[in-house]
Amino acid sequence: MQNLIDKLERNNDLTDEEFIVLLTADSPELDACLAAHARKVREKYYGKDVYIRGLIEFTNHCRNNCYYCGIRRDNPNAQRYRLTMEEILTCCETGQQLGFRTFVLQGGEDAYFTDERLAELIRAIKKRCPDCAVTLSIGEREKDSYAKLFAAGAERFLLRHETADKVHYESLHPAEMSFDHRMKCLQDLRDIGYQVGCGMMVGSPGQTSAQLLQDMRFLQKFQPEMVGIGPFIPQHDTPLAEYPAGTAKLTVRLLSIIRLLLPQVLLPATTALGTIDTQGREKGLLAGANVLMPNLSPTAVRQKYALYDNKICMGEEAAECVNCLAKRVASTGYKIVSNRGDHPAFASKKNL
Ligand code: 5AD
Ligand code: FES
């Protein structure tokens, strides 16, 4: 096992068979060893720094119907909301005062937010917070739309691929959604010049190790700047409500493997990981993750952005989350820093 991990660290690669061994082993020693190697690599590039991204969940209207997601179109129990431009800008200003230098605008695929409205919003954020990066997480759009938003000042984009296996993708999404289109979107974003994030759910219903291997191969090929992964967590109003959640153990192990595959990647310990395990985010940081994405959305709308059940930090104001996170991060020996935290390949002139 030790030599497999050494090899992965050295080559950022393994054979299919070797990957499957890492993905399927049931060994606390293996997990500890993977985490130690992943930490070493993360510290080589990022030292003890943890970057924070302020997440603003600005709309839960969504035209899509993903089987796993609580804000899917056909969930009649989702209470729909949209933040106004002023509300979003207030979130950013609060965030900036708390030390955030990146805002992630995340929402469902909401037709109200046309290119024009989003471009105006992005320009307004950049005007008020010129030293901050704007990340979009708004799903699939056409290439010219992505290009307009980039021109307006957005510099990063998160679009999880969810799974790199087409058949598995089709089991998680209705026929009207296309795996190939999602992949095309990722390539378009890359071609336009965004820092791009992809990622998958871990333990989604029916997911196999062979499919996770495909995810690893996709990450190697696509070389994203950011990778967001989290356990699948059932949401009670969705078609996948009865399936078991993914595990923290496999999610944390995958964080380590991804750090060794893509040494400089920006890798969050996600809210979903903190939801299935109270120490999940700390475990993630100690296994190679270097980013946290606390919620800056107004508390009044928090519970309405319920992608999955039992999500943490529902009542806490932004400042409370930052204080809580600062303590959690301190317990790992790492520290939150207040800068944009661009990917090193994009960072030269941007990081403060
Ligand atoms: N469990 C875990 N993650 C989920 N997401 C959506 N629904 C769920 C769920 N039930 C994730 C998807 C999506 C991201 C915004 O949230 O990966 O891309
Ligand atoms: Fe939100 Fe701990 S991070 S309360």
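Summary of values
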| item | result |
| --- | --- |
| Odd one out for Val291 among (1) within 14 Å of ligand 2 (Cβ to nearest atom); (2) at pLDDT below 95 | (2) |
| Among (1) touching a residue at least 24 places away in the same chain (Cβ under 8 Å); (2) within 26 Å of Asp237 (Cα to Cα); (3) more than 13 Å from ligand 2 (Cβ to nearest atom), the one test that Val265 misses | (2) |
| Yes/no for Ser297 being away from ligand 1 (no atom under 12 Å from the Cβ), small (Gly, Ala, Ser) and not in a loop (DSSP other than H, G, I, E, B) | no |
| Any chance Pro294 is crowded, with 22+ Cβ neighbours inside 10 Å and either aromatic (Phe, Trp, Tyr) or farther than 28 Å from Asn12 by Cα (or both) | yes |
| Top-ranked residue of segment 319-342 - restricted to ones that are of a type in the set (A, V, I, L, M) and within 9 Å of ligand 2 (Cβ to nearest atom), ranked as surrounded by the fewest Cβ atoms within 10 Å (Cβ to Cβ) | Leu325 |
| Matching entry among Ala306, Ala319 (being more than 15 Å from Arg281 (Cβ to Cβ) and in contact with a Leu (Cβ under 9 Å, 6 or more places away or on another chain)) | Ala319 |
| Filtered residue count, segment 171-195, keeping only those that are touching a Phe, Trp or Tyr at 6+ places or on another chain (Cβ under 7 Å) and either part of a helix (DSSP H, G or I) or open to solvent by 30 Å² or more (accessible area, probe 1.4 Å) (or both) | 6 |
| All positions within segment 216-237 that are outside any loop (DSSP other than H, G, I, E, B) and within 12 Å of ligand 1 (Cβ to nearest atom) | Val227, Gly230, Pro231 |
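Yes/no matrix, rows are residues, columns are (1) under 30 Å from Lys44 (Cβ atoms); (2) in a helix (DSSP H, G or I):
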site: Lys283; (1), (2): yes, yes
site: Tyr308; (1), (2): no, no
site: Gly315; (1), (2): no, no
site: Cys321; (1), (2): yes, yes
site: Gly333; (1), (2): yes, no
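The values are calculated or read from the model by the stated rules, or taken from the named source; none is laboratory data. Bear in mind that the values here come from a model prediction, so they are computed numbers and not experimental data. Neighbour counts are summed over all protein chains in view; Cβ atoms, including those assigned to glycine, are modelled from backbone coordinates with ideal geometry. Keep in mind that these areas ignore ligands, DNA and RNA; they rest on the heavy atoms of the full protein, side chains included. Shrake-Rupley method; radii C 1.70, N 1.55, O 1.52, S 1.80 Å.
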